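Below you'll find the structure, written out as structure tokens, and then a few comments.
The values are calculated or read from the model by the stated rules, or taken from the named source; none is laboratory data. Computed from a predicted structure; not experimentally measured. Using ideal geometry, Cβ is built from the backbone for each residue, glycine included, and neighbour counts are taken over all protein chains shown. To get the accessible areas, we keep the full protein, side chains included, count just its heavy atoms, and leave off ligands, DNA and RNA. Shrake-Rupley method; radii C 1.70, N 1.55, O 1.52, S 1.80 Å.
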Amino acid sequence: MNREALLLTAVKASIRAGLATLEVYQSDLQVEVKADKSPLTVADTRSHAIIVRHLAGTRIPILSEEGKAIPYAERRSWPRLWIVDPLDGTKEFIKGLGEFTINIALVEGKRPTLAAIFVPVKRTLYFGSTEAGSYRIEDADVIAGL
């Protein structure tokens, strides 16, 4: 899969995961506490599942805040990997502040080479790659059907 296709995959995953978080955001929240004392909501786990489903087809390993822990000894030899925060700003999400994002980046040779960041409440997408530059789209949820 070429980098353009990988970027499109990350964009779609971030938007679809972000729209799913909004469904939870607009409902009654139940909050769990993870072992590290940080909060966890259904939105975190839904977003993670959606992103993993979209990225699985790339056959590139995924390191996610909500995924299983992968020892550094295993992942240090990976030539590339996805780094994902399926809901960055969970505390703000819980408080209803609207200041949370869905973050997906591809790291190759220990350097980020492409990324997609979606701000669900504002429907704003930031994305880019080392080849194409960086961009912002307002009302980005309209492209989720791509």
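Does segment 16-44 hold any residues that are open to solvent by 40 Å² or more (accessible area, probe 1.4 Å), free of Cβ contacts under 8 Å to residues at least 24 places away in the same chain and part of a helix (DSSP H, G or I), and which are they?
Taking segment 16-44 first, the residues open to solvent by 40 Å² or more (accessible area, probe 1.4 Å) are 16, 19, 23, 25-37, 42.
Among the residues that remain, those that are also free of Cβ contacts under 8 Å to residues at least 24 places away in the same chain are: 23, 26-28, 30, 32-37, 42.
Scanning segment 16-44 gives E23, V42.
With the checklist (1) open to solvent by 70 Å² or more (accessible area, probe 1.4 Å); (2) over 20 Å from V11 (Cβ atoms); (3) of a type outside the set (A, V, I, L, M, F, W, C) in hand, flag the one item Y126 doesn't pass.
(2)
Based on what the data block shows, is L106 open to solvent by less than 60 Å² (accessible area, probe 1.4 Å), more than 16 Å from T9 (Cα to Cα) and either aromatic (F, W, Y) or part of a strand (DSSP E or B) (or both)? It would help to see each step written out before you state the result.
Values: open to solvent by less than 60 Å² (accessible area, probe 1.4 Å): yes; more than 16 Å from T9 (Cα to Cα): no; either aromatic (F, W, Y) or part of a strand (DSSP E or B) (or both): yes.
When the stated conditions are applied, L106 does not pass them.
Considering only residues that are open to solvent by less than 60 Å² (accessible area, probe 1.4 Å), out of contact with any His (no Cβ under 8 Å at 6 or more places or on another chain) and touching a residue at least 24 places away in the same chain (Cβ under 8 Å), which ones fall in segment 53-86?
If the condition is that a residue be open to solvent by less than 60 Å² (accessible area, probe 1.4 Å), out of contact with any His (no Cβ under 8 Å at 6 or more places or on another chain) and touching a residue at least 24 places away in the same chain (Cβ under 8 Å), then H54, L55, G57, T58, I60, L81, W82 are the ones that fit.
If you scan segment 113-139, which residues turn out to be touching a residue at least 12 places away in the same chain (Cβ under 8 Å), closer than 23 Å to A56 by Cα and in a strand (DSSP E or B)?
Scanning segment 113-139 gives T113, L114, A115, A116, I117, F118, V119, L125, F127, G128, S129.
Run down A43, A17, A35 and say which single residue is modelled with pLDDT of 95 or more and at negative phi. Before the answer, list the steps.
Working: A43 fails: modelled with pLDDT of 95 or more; A35 fails: modelled with pLDDT of 95 or more.
Just a single option satisfies the conditions, and that option is A17.
Suppose we keep only residues that are more than 16 Å from the chain's Cα centre (by Cα) and among the charged types (D, E, K, R) within segment 1-15. Which one would you say is most open to solvent (accessible area, probe 1.4 Å)? Break it down stepwise before answering.
Going through segment 1-15, the residues more than 16 Å from the chain's Cα centre (by Cα) turn out to be 1-5.
Imposing the further condition that a residue be among the charged types (D, E, K, R) reduces the set to 3-4.
On the way: R3: 71, E4: 151 Å².
Here the answer is E4.
Check off (1) over 15 Å from I15 (Cα atoms); (2) in contact with a helix residue (DSSP H, G or I) (Cβ under 6 Å, 6 or more places away or on another chain); (3) modelled with pLDDT of 95 or more for I83 and give me the number that stays unchecked.
(2)
I want to confirm something. Restricting to segment 87-103 and keeping residues that are in contact with a strand residue (DSSP E or B) (Cβ under 6 Å, 6 or more places away or on another chain) and in a strand (DSSP E or B), which single residue is surrounded by the most Cβ atoms within 10 Å (Cβ to Cβ)?
Looking at the filtered set, the residue picked out is I102.
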